[in-house]
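Every read-out reported here was derived from the displayed coordinates using simple, explicitly stated rules and does not represent laboratory data. A quick note: this is a predicted structure, and the numbers were derived from the prediction, not measured. Here the Cβ is made from the backbone with ideal geometry for all residues, glycine too, and neighbour counts use every protein chain on show.
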Amino acid sequence: DTRGGGSTDKFDWDKAETKPLISSTAKERGKDYWVDQKEQEEFKAREEAIKNRKSLEGEISRDKLKSEIAAPYKGNWIGLFSLFIGALTVIGIKFPDMLENPVIKIPDL
């Protein structure tokens, strides 16, 4: 094969991979990916199965929904403990004399 001014070249240019110096606009727009058709079909089938399963489950009953919403507020001992500490703080701020230690005078003998 003679290229570039008639010189002989042993390189097989027909099998060589070429890459442009300037990337194409399709690549800049993010369209330089390969989509595997088998994987795409499996993904669509999986999504369809999930959608069908959700439609078969139906809606949650009103009683179950109400119990699930109220569950975090039942037996809320952390909240009650926080309210107790808050009440003690308010009492300590409003009545600071209660927190002072009484001075007990012991007579000298």
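Things worth noting here:
- Taking trypsin sites (Lys or Arg not before Pro) across the stretch 65-107, the ones in a DSSP loop with at most 12 further Cβ atoms lying within 10 angstrom of their Cβ are Lys74, Lys105.
- Residue-wise HN-Hα couplings along the stretch 40-52, as the Karplus relation 6.51 cos²θ - 1.76 cosθ + 1.60 with θ = phi - 60° gives them from phi, are 5, 5, 5, 5, 5, 5, 5, 5, 5, 5, 5, 5, 5 Hz; Gly and Pro carry x.
- Cα-based reach from Lys38 at 23 Å (exclusive), listing lysines while leaving out same-chain residues under 8 positions away: Lys51
- Cβ-Cβ FRET estimate between Ser67 and Lys44, R0 fixed at 41 Å, reported to 0.05: 0.65
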